[in-house]
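Trainee: I am attaching a structure below and will ask some questions about it afterwards.
The values are calculated or read from the model by the stated rules, or taken from the named source; none is laboratory data. Computed from a predicted model, the values in this text were never measured in an experiment. Using ideal geometry, Cβ is built from the backbone for each residue, glycine included, and neighbour counts are taken over all protein chains shown.
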Amino acid sequence: MHSNDPPHTGKRPPGKKRMTGCCACPHWEPENRSCLLVKDGLFLPVEEHVATYCLSSQYTLCRHYELLAGEAERAGRNATPPVNRRRSVRIPNRHFFRFSEITGSDQLPSIREDDAWTIDLSDHGIRFVTRQKLAPETAVRFVVDTGGTAKSLQGIGRVVWSEPLENTALFHAGIAFVEHPVPAV
């Protein structure tokens, strides 16, 4: 594992730096040091490629990103702009995101997913990437780990939508806040 790689879970070796922010490619898998966009074969990029594209805001210039993930973006730019149904502005931001389903018992649920990250935040909800398909209307307890830049946030939300990302094993999901998030204790 490289010293600039974000951890796969909350467990990381002592002295390893945790990367936060919105600049790393959302398709970079730090634990395996591989690209999640490449489905045919295995792409293990060299250090220079990782530093230049995978761990920087320049990831949209990566050949694999342009060929695989960029197709959907280009198609979206050429389409008629959608009607904005948002109640609040979305702020692009990447933070580690943990969540668990709320099952109705009084006990705190165990964390179901600790390998997710936010895509954007708003006053009314969060869009995030996860490896799990979530059913709409599922209640979730969540924690947004800011990596020490501010206090972590915790709250309860309701899944509004969940869609697979093309050519990957990942899903984008959106939750609406049931309770406005508060700083974690």
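Trainee: Determine, yes or no, whether PRO26 is assigned to a loop (DSSP other than H, G, I, E, B), outside the structural domain of PHE97 (by TED's automatic domain parsing), modelled with pLDDT under 70 and of a type outside the set (S, T, N, Q).
Mentor: no
Trainee: Has segment 125-144 got at least one residue that is under 25 Å from GLU29 (Cα atoms) and among the acidic types (Asp, Glu)?
Mentor: no
Trainee: Being more than 15 Å from ILE119 (Cα to Cα) and either polar (S, T, N, Q) or buried (at least 18 other Cβ atoms within 10 Å of the Cβ) (or both) is the filter here; which residues of segment 143-152 pass it?
Mentor: THR149, SER152
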